[in-house]
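Each remark here refers to the structure printed beneath this line.
The values are calculated or read from the model by the stated rules, or taken from the named source; none is laboratory data. None of these values were measured; they are calculated from a predicted model. Every residue, glycine among them, receives a Cβ derived from its backbone with ideal geometry; neighbour counts consider all protein chains shown.
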Amino acid sequence: MQPSIYPGLWKKPACIVLLALLSSSLPAQTNPPVRKYSSVERMQTAHLQAAHADAVRLQQQRHTLPPLPGLHDYKAILHAHAEDSSHTGGTRPEMLADAKKAGVQAILLTDHYRPPRDFIRDSWRGLHEGVLFIPGSEMRGFLLYPISSIMDRMEEPRPEFVASVTASNGLIFLSHIEERLDHPMDGLTGMEIYNRHWDAKKDMAGLIALALKLLDPAQLAELQENLRLYPDELLAAQVSYLPDYLGKWDAETQTRRLTGVAANDCHHNMVLVVKMVDENTVIFGTNVEKDEDMRKTTAGSRPGIRELTRDHKPGDVLARADFDPYYRSFRDVTTHILAPELTESAIRAALQQGHAFVSHDWMCDATGFSFCLTTPVQAIMGDEVRFAADRQKLQARFPVACHIRLLRNGKPVADLEGDQLEYGVAAAGVYRVEGWLKLDGEERPWIYSNPIYAR
């Protein structure tokens, strides 16, 4: 058993929860809230306006929560790409500038594996203008963060490979869960519980709708104005609750501790571009595609092309829409890490211990959220304690009122509206909490805590 290293945690007045609820009196919503709008509908101007207005209102209602004793809430980005492949459009200096702008304090890089380049030795490491960089790689279905170079062990059999990565405080997370739902979790630090790329990949209707807007002058003008006014809402239109990811996490944590993290999977490669071929023909694609790899279309199928090409010459860029600068990707989803200091060793230790939570901060900054267990042993999210019948309470605090869902072993046991929760623990189990916010009349997932394990 590993209790929290903060034994005086719940003796602090800031952690007293005012709303006391008993497990026997809490009706639980069996399933998560149902999504109301498709991505295409969310991208409509009226829905963007409504979602934006609600996000502004939530941020105005937000109250600052004091930090847990001895800990800071650091905004971190995992699964981040820069200058590492032909399909990556961003650079590390660009990433650094946007991290400072977004209030991100740590970036765990995941370079695509490109031997002989060493993703540990030949990358950024340490503090850069106040932002901590930790080198790593996306390889073999994992996010890898070894302490030192393992270039000579990258082809080892999986058990030995995992051991090589995790030696001396190294971290390894299972990535792209949709591709490997049955993957064994032995020896892993944790797994992605949200992946931005998967949300985009499974939403072909939304991607096609965006592309077509660029080929019609009126729709293009509306899109560019919406992108100027509601950039976060447009990028987040595809964000969804991922039951496959969360289902695997809930199942696997019954037998082992696994830290859940967010995968931004940011590349700055979602910049849609339209180029002129001739007065009746254009090609369109992204900023990382060569002209010969882009899609070609003509005025015969999209009449607005003739207006787009008027007074232009072949090769001209007729339209450009940047959906995913790093700044916006960082706000879209964040892994908050609770650590005593902004050092690589402290960030690694916090992730190993599960002292972290995932949030979609564009709706409302989740900094200050906490999920803890009191008496007889004090613990925070990620900790494992021995179950003590009728002597333990779970407490959660949110910086703004939301729809709170408490789950035990993946099954809901509490469901309420508010900014605080107190729950008497009547049975051993793995407990985690979710926060949902209502935008445009639709509940959207906001916060996912890491579990507290009462064994």
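The single condition among (1) touching a Ser or Thr at 6+ places or on another chain (Cβ under 8 Å); (2) crowded, with 18+ Cβ neighbours inside 10 Å that R444 does not satisfy is (1).
Residues of segment 54-92 being farther than 30 Å from K290 by Cβ, aliphatic (A, V, I, L, M) and not in a helix (DSSP H, G or I), which ones? Result: L65, L68, L71, A76. From the set of residues in segment 292-307 that are part of a helix (DSSP H, G or I) and out of contact with any Gly (no Cβ under 8 Å at 6 or more places or on another chain), which is nearest to H268 (Cα to Cα)? Here the residue is E292. Restricting attention to segment 306-317, the residues that are within 37 Å of the chain's Cα centre (by Cα) and surrounded by 19 or more Cβ atoms within 10 Å (Cβ to Cβ) add up to 1.
Yes/no per residue for (1) basic (K, R); (2) in a strand (DSSP E or B); (3) over 21 Å from T335 (Cα atoms); (4) not assigned by TED's automatic domain parsing to the domain that holds A236:
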| position | (1), (2), (3), (4) |
| --- | --- |
| I404 | no, yes, no, no |
| L407 | no, yes, no, no |
| L416 | no, yes, yes, no |
| R432 | yes, yes, no, no |
| L437 | no, yes, no, no |
| P445 | no, yes, no, no |
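Quick check: is even one residue across segment 407-423 buried (at least 24 other Cβ atoms within 10 Å of the Cβ) and under 22 Å from the mean Cα position of the chain (by Cα)? Taking every residue of segment 407-423 in turn, none turns out to be buried (at least 24 other Cβ atoms within 10 Å of the Cβ) and under 22 Å from the mean Cα position of the chain (by Cα). Scoring V239 on the criteria (1) more than 30 Å from F142 (Cβ to Cβ); (2) surrounded by 20 or more Cβ atoms within 10 Å (Cβ to Cβ); (3) aliphatic (A, V, I, L, M) leaves a single failure, condition (1). Any residue in segment 250-257 that is modelled with pLDDT of 95 or more, β-branched (V, I, T), closer than 21 Å to D324 by Cβ and surrounded by 17 or more Cβ atoms within 10 Å (Cβ to Cβ)? Checked against the condition, which is being modelled with pLDDT of 95 or more, β-branched (V, I, T), closer than 21 Å to D324 by Cβ and surrounded by 17 or more Cβ atoms within 10 Å (Cβ to Cβ), segment 250-257 yields no hits at all. Applying the set (1) farther than 30 Å from F369 by Cβ; (2) touching a residue at least 24 places away in the same chain (Cβ under 8 Å); (3) β-branched (V, I, T); (4) assigned to a strand (DSSP E or B) to V288 leaves exactly one unmet item: (4).
Can you name every residue in segment 337-349 that is surrounded by fewer than 24 Cβ atoms within 10 Å (Cβ to Cβ) and within 17 Å of I452 (Cα to Cα)? Once the filter is applied, which keeps residues that are surrounded by fewer than 24 Cβ atoms within 10 Å (Cβ to Cβ) and within 17 Å of I452 (Cα to Cα), segment 337-349 yields only A349. What single numbered condition from (1) under 16 Å from S329 (Cα atoms); (2) within 18 Å of the chain's Cα centre (by Cα) fails to hold for E94? Just one mismatch for E94, condition (2).
Within segment 93-127, being part of a helix (DSSP H, G or I) and out of contact with any strand residue (DSSP E or B) (no Cβ under 8 Å at 6 or more places or on another chain) holds for P93, E94, A97, D98, K101.
Restricting attention to segment 242-263, the residues that are in a loop (DSSP other than H, G, I, E, B) and either basic (K, R) or more than 25 Å from D383 (Cα to Cα) (or both) add up to 2. Scanning segment 173-207 for residues that are within 18 Å of T255 (Cα to Cα), crowded, with 19+ Cβ neighbours inside 10 Å and aliphatic (A, V, I, L, M) yields L174, L188, M191, I193.
Okay, residues lined up against (1) touching a His at 6+ places or on another chain (Cβ under 6 Å); (2) modelled with pLDDT under 95; (3) aliphatic (A, V, I, L, M):
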{"residue": "I150", "(1), (2), (3)": "no, no, yes"}
{"residue": "V165", "(1), (2), (3)": "no, no, yes"}
{"residue": "G170", "(1), (2), (3)": "no, no, no"}
{"residue": "D186", "(1), (2), (3)": "no, no, no"}
{"residue": "E192", "(1), (2), (3)": "no, no, no"}
{"residue": "G206", "(1), (2), (3)": "no, yes, no"}
{"residue": "K213", "(1), (2), (3)": "no, yes, no"}
{"residue": "L223", "(1), (2), (3)": "no, no, yes"}
{"residue": "R228", "(1), (2), (3)": "no, no, no"}
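Within segment 385-409, being of a type in the set (A, V, I, L, M, F, W, C) and either in contact (Cβ under 8 Å) with a residue 40 or more places away in the chain or more than 20 Å from H336 (Cα to Cα) (or both) holds for V385, F387, A388, A389, L394, A396, F398, V400, A401, C402, L406, L407. Taken together, P451, P412 contain a single residue that is touching a residue at least 24 places away in the same chain (Cβ under 8 Å), within 19 Å of G247 (Cβ to Cβ) and out of contact with any helix residue (DSSP H, G or I) (no Cβ under 9 Å at 6 or more places or on another chain), which is P412.
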